[in-house]
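Data block below; observations after.
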Amino acid sequence: MALNIDTWADNLGNHQAWYERATAGWARWLRAGGRLGEWADNTLPDIQFAGYVLRLNERDTVINLSCGWGRHAITLAHYGLNVIGLDASSSLLELARETSAQAGLKVRWVHGELSDVALTSPVDCVAQFHNNLLEWAKGPADALFLLDQVHAVLKTGGRFLFGDPAWLAIPPRHEQSEAETPEGTESYHNYFDPRSRTFQSQIIVTGRDGEQHEYWRYTWRPTVEQMAALLHQAGFNIAGQFNNYSFSPYNPDQPGLVWSAEKK
């Protein structure tokens, strides 16, 4: 299927609407005792890995990008770190605030983007767990802008951790799946163009009342070499590459790609 740029342009704003709607349902489900699967049980190993790779010390300040309902941010705070949790979902952040208050842990929760984090001084570390922020970019210029934002908030020598354990060098040209959510059924269709490395995602939400909504998203999927070049261009030294949030060095024959980098 050819990528329809006009369709993407018409529907780009709708993707945020889907995210807000979906995360509101996830938050309600979590409050009711629902679980999100085995992948959500890896919090402590993730934090232990991050502590080593980022050389975290007590009272370091860490920004947790895409913090969701706070499972990593709250655990970091438990170890005596100053944590800023950032997410685009107001519903998940509300749940994160409640959870951190119940645990008696202080986390600064920020709704929005990295540019919305007002800092009095640069931070020691930025971490985005189980996500690759470069795959949210529309192209190389947008990806470089995102890295520049991370670079700007870090101290000289500050560390940066991000990556996706499910990352594939060459994604399938077409994937289709369905999921039951608190709101209804969501059907996902993902289309990848290997020549341009562009990715188009279609989400069809069918509510309990049968009403349907359609959302689109269009992004760029850089190669390992392109990501490395962007990190260097943004002023980072690459400190490590892994397939997962574990200590095994990156193997290109295995899925997953996690980066650790340091601000020059």
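For the range 109-124, check the following and say yes or no: at least one residue is of a type outside the set (Phe, Trp, Tyr), part of a helix (DSSP H, G or I) and over 17 Å from the mean Cα position of the chain (by Cα). The answer is no, given that none of the residues of the range 109-124 is of a type outside the set (Phe, Trp, Tyr), part of a helix (DSSP H, G or I) and over 17 Å from the mean Cα position of the chain (by Cα).
Scanning the range 138-160 for residues that are among the polar types (S, T, N, Q) and more than 17 Å from the chain's Cα centre (by Cα) yields a single hit, THR156.
For the range 45-62, the criterion of being under 18 Å from the mean Cα position of the chain (by Cα), exposed (fewer than 14 other Cβ atoms within 10 Å of the Cβ) and modelled with pLDDT of 90 or more is met by at least one residue. Only one of the numbered conditions (1) in a loop (DSSP other than H, G, I, E, B); (2) modelled with pLDDT under 95 is not met by VAL205, and that is (1).
If the condition is being surrounded by 19 or more Cβ atoms within 10 Å (Cβ to Cβ) and under 30 Å from ARG28 (Cα atoms), then the range 184-201 contributes GLU186, GLN200.
Of all residue pairs spaced 6 or more apart or on separate chains, those with beta-carbon atoms under 6 Å, a first member in the range 106-127 that is assigned by TED's automatic domain parsing to the domain that holds GLY70 and closer than 19 Å to GLY157 by Cβ and a second member that is part of a loop (DSSP other than H, G, I, E, B) and of a type outside the set (Ser, Thr, Tyr) are ASP124/ASP60; CYS125/LEU54. Note on the range 132-167: residues that are on the phi < 0 side of the Ramachandran plot, in a strand (DSSP E or B) and surrounded by 15 or more Cβ atoms within 10 Å (Cβ to Cβ) total 7.
Looking only at residues of the range 155-188 that are over 17 Å from LEU230 (Cα atoms) and among the aliphatic types (A, V, I, L, M), we find that the one that is modelled with the lowest pLDDT is ALA179.
The values are calculated or read from the model by the stated rules, or taken from the named source; none is laboratory data. Just so it is clear, the structure is predicted and the values come from calculations on it, not from any experiment. Cβ coordinates were reconstructed from backbone atoms using ideal geometry, including for glycine residues, and neighbour counts include every protein chain displayed.
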